[in-house]
Amino acid sequence: MPISFVILIVAIAILASLAFELWLDSRQIRWIRGHRESVPAAFAGRIGLEEHRKSVDYSIEKLKLSRVDSVVGTMLTAVLLIGGLFAFYEQVIVSVVGTGYLAGLLLAGALLLTYAVVELPFSWIRTFGIEQKFGFNRTTPGLFFADLLKGAAVAVVLGAPFILAIDFILRNVGDLWWLAGWGLYVGFNIIMLLVIPTFVIPLFNKLEPIDDSSLRGRIETLLKRCGFRSNGLFKMDASKRSGHGNAFFTGFGPSKRIVLFDTILASLSAEEIEAVLAHELGHFKLKHIVKRMLTQLIVSLIGFAVIGWLIAQPWFSAAFGVTTEIPLAGLILAMLVLPAFTGWFRGFSNWRSRVHEFEADAYAAGQTNGADLASALLKLHKDNAAPSTTDPVYSTFKHSHPPTAERIARLQTA
């Protein structure tokens, strides 16, 4: 395949992907700005006009920053691929340390560091500009940089062994390396489900058992009723970083636990918290988590097979000036190229996720009071300054959860 043709196809795909993202963001900005001066009917009497305006302004500022972030990120990817920066990294590393396992680590590290440095200003503006302006930020500059250093350390400790292992497979397994690599990927993700709740999350946040005995009793009764066995019910000090609220299930096997942000404990009643957890338990009971994991396994297997095929084509690495003297270079190159071709499938993924969310809501309404879940959704919507209306096309490709108004309407109907 002609090298110029490969470059042209990749360039078109990158530009088309960026143009689509910017078009979606523009639609959303126009949509919510056009509804700024009136509270949508679904929220009339529930959200004040000033709250609604705040959510619109907050969303628009985030979208504007996201647009710039997308352009800069796309430009960086284009420079790495088409501008030859990635090939330059490979040549420098080979000339300095050769083509051994250290070279693979350095190449992966150089790429990750490049993206991290470019993303840093956007993260700072997001935290100390937008979040601060709208009253959500509680992070200090010291905590911000401490999180960066901790995150980098965790990435090295957990990521380096995985990179070395996949590099070993590339060097020694042969043409079916992608199948062994997929097996390694699956195993690594299972290990992370065990490690992250127990060792990683406590590095960033304090986890304490919930001390409200009445709430604990209510939740434990709910867990027993739903047949869910947990190894801990914890409160997390999320308020030291943000005013946003959330709750989540995490872990696998012996590390499985339920975590509630202290912000959600402060804003929701015991009945509303029970309803929110019943929704999460609905995902467990209705096998949504298993279905998502199976889907991820299939998609990742296809992804590894495609990467395996690409790496085997001489024209692929040659088109970008990559020699693949470092075996890991071909894999990294494919991972840089493929996102421009795969982002278009998010609509289907989001549709499936929305179906699951509605099903989990219905399950929660059967286990608790549906009115409590509706009330909790409304409070979380207000606390997080989520837009009260959204462009349907934007929502299809960007949102994995249905709009709050639709969820509340279904709960009221039920």
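The values are calculated or read from the model by the stated rules, or taken from the named source; none is laboratory data. All figures in this text were calculated on a predicted structure; none of them were measured in a lab. Glycine gets a Cβ as well: all are built from the backbone with ideal geometry, and neighbour counts include every protein chain shown. For the accessible areas, the whole protein counts, side chains as well, though only heavy atoms, and no ligand, DNA or RNA atoms are used. Shrake-Rupley method; radii C 1.70, N 1.55, O 1.52, S 1.80 Å.
Out of F122, F145, F168, I need the residue that is part of a helix (DSSP H, G or I), in contact (Cβ under 8 Å) with a residue 40 or more places away in the chain and open to solvent by 60 Å² or more (accessible area, probe 1.4 Å). Which one? Explain how you work it out, then say what you get.
Details: F122 fails: open to solvent by 60 Å² or more (accessible area, probe 1.4 Å); F145 fails: in contact (Cβ under 8 Å) with a residue 40 or more places away in the chain.
Residue meeting the stated conditions: F168.
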Given the conditions (1) closer than 30 Å to S267 by Cα; (2) assigned to a helix (DSSP H, G or I), which single one is not true for T342?
-> (1)
All but one of (1) part of a helix (DSSP H, G or I); (2) open to solvent by 20 Å² or more (accessible area, probe 1.4 Å); (3) farther than 29 Å from W344 by Cβ; (4) touching a residue at least 60 places away in the same chain (Cβ under 8 Å) hold for G104; which doesn't?
-> (2)
Hey, any hits in region 347-354 for a residue that's outside any helix (DSSP H, G or I), out of contact with any Gly (no Cβ under 9 Å at 6 or more places or on another chain), at pLDDT 90 or above and of a type in the set (D, E, K, R)?
-> no
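Considering each of W31, W23 in turn, give the residue that is over 26 Å from F128 (Cα atoms), aromatic (F, W, Y) and buried (at least 17 other Cβ atoms within 10 Å of the Cβ).
Working: W23 fails: buried (at least 17 other Cβ atoms within 10 Å of the Cβ).
Checking each option against the conditions leaves just W31.
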Quick check, is A334 under 25 Å from the mean Cα position of the chain (by Cα) and either farther than 20 Å from E271 by Cβ or buried (at least 21 other Cβ atoms within 10 Å of the Cβ) (or both)?
-> yes
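Per-residue answers, yes or no, for (1) crowded, with 17+ Cβ neighbours inside 10 Å; (2) of a type in the set (S, T, N, Q); (3) in contact (Cβ under 8 Å) with a residue 24 or more places away in the chain:
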| site | (1), (2), (3) |
| --- | --- |
| I191 | no, no, no |
| K206 | no, no, yes |
| K224 | no, no, no |
| A238 | yes, no, yes |
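Only one residue in V79, V94, V68 is open to solvent by 20 Å² or more (accessible area, probe 1.4 Å), of a type outside the set (D, E, K, R), closer than 30 Å to T140 by Cα and part of a helix (DSSP H, G or I), so which one is that? Can you show your working first?
Numbers: V79 fails: closer than 30 Å to T140 by Cα; V94 fails: closer than 30 Å to T140 by Cα.
The conditions single out V68.
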If we keep only residues of region 324-341 that are at pLDDT 90 or above and of a type outside the set (A, V, I, L, M, F, W, C), then the residue farthest from L22 (Cα to Cα) is E325
Residue in region 75-96 that is closer than 24 Å to P161 by Cα, of a type outside the set (F, W, Y) and under 27 Å from the mean Cα position of the chain (by Cα) present = no
Kindly list, by first and then second residue, each pair from a residue in region 128-142 that is on the phi > 0 side of the Ramachandran plot and touching a residue at least 40 places away in the same chain (Cβ under 8 Å) to a residue that is small (G, A, S) and outside any helix (DSSP H, G or I), limited to pairs with Cβ atoms under 7 Å and residues at least 6 apart or on different chains.
-> G135/G243
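What residue, of L286, L277, L301, L281, is surrounded by 15 or more Cβ atoms within 10 Å (Cβ to Cβ), over 19 Å from the mean Cα position of the chain (by Cα) and closer than 20 Å to R346 by Cβ?
Working: L286 fails: closer than 20 Å to R346 by Cβ; L277 fails: closer than 20 Å to R346 by Cβ; L281 fails: closer than 20 Å to R346 by Cβ.
Of L286, L277, L301, L281, the one residue that is surrounded by 15 or more Cβ atoms within 10 Å (Cβ to Cβ), over 19 Å from the mean Cα position of the chain (by Cα) and closer than 20 Å to R346 by Cβ is L301.
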Residues in region 355-370 that are open to solvent by less than 40 Å² (accessible area, probe 1.4 Å) and not in a helix (DSSP H, G or I): how many?
-> 1
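For every residue, the table says whether it meets (1) out of contact with any helix residue (DSSP H, G or I) (no Cβ under 9 Å at 6 or more places or on another chain); (2) acidic (D, E); (3) open to solvent by less than 20 Å² (accessible area, probe 1.4 Å).
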position: D372; (1), (2), (3): no, yes, no
position: L378; (1), (2), (3): no, no, no
position: K382; (1), (2), (3): no, no, no
position: P387; (1), (2), (3): no, no, no
position: D391; (1), (2), (3): no, yes, yes
position: H399; (1), (2), (3): no, no, no
position: P402; (1), (2), (3): no, no, yes
position: E406; (1), (2), (3): no, yes, no
position: A409; (1), (2), (3): no, no, no
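Output yes when any residue across region 141-163 is under 30 Å from A312 (Cβ atoms) and β-branched (V, I, T), and no when none is.
If we filter region 141-163 for residues that are under 30 Å from A312 (Cβ atoms), which is where we start, we get 155, 158-163.
Still in the list and also β-branched (V, I, T): 163.
Yes; the residues of region 141-163 include at least one that is under 30 Å from A312 (Cβ atoms) and β-branched (V, I, T).
Counting only residues that are open to solvent by less than 30 Å² (accessible area, probe 1.4 Å), touching a strand residue (DSSP E or B) at 6+ places or on another chain (Cβ under 9 Å) and in contact (Cβ under 8 Å) with a residue 40 or more places away in the chain, how many does region 243-267 have? If you could, list the steps in order and put the result at the bottom.
Taking region 243-267 first, the residues open to solvent by less than 30 Å² (accessible area, probe 1.4 Å) are 243, 245, 247, 250-251, 255, 258-260, 263-264.
Those left that are additionally touching a strand residue (DSSP E or B) at 6+ places or on another chain (Cβ under 9 Å): 243, 245, 247, 250-251, 258-260, 263-264.
Still in the running and in contact (Cβ under 8 Å) with a residue 40 or more places away in the chain: 243, 245, 250-251, 259-260, 263-264.
Number of matching residues: 8.
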Looking at region 379-407, which of its residues are within 24 Å of L223 (Cα to Cα) and either in contact (Cβ under 8 Å) with a residue 60 or more places away in the chain or among the hydrophobic types (A, V, I, L, M, F, W, C) (or both)?
-> K379, L380
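Residue under question is G135, and the condition is that it be farther than 30 Å from G232 by Cα and part of a helix (DSSP H, G or I); does it hold? If you could, list the steps in order and put the result at the bottom.
Working: farther than 30 Å from G232 by Cα: yes; part of a helix (DSSP H, G or I): no.
Taking the combined requirement at face value, the residue does not satisfy it.
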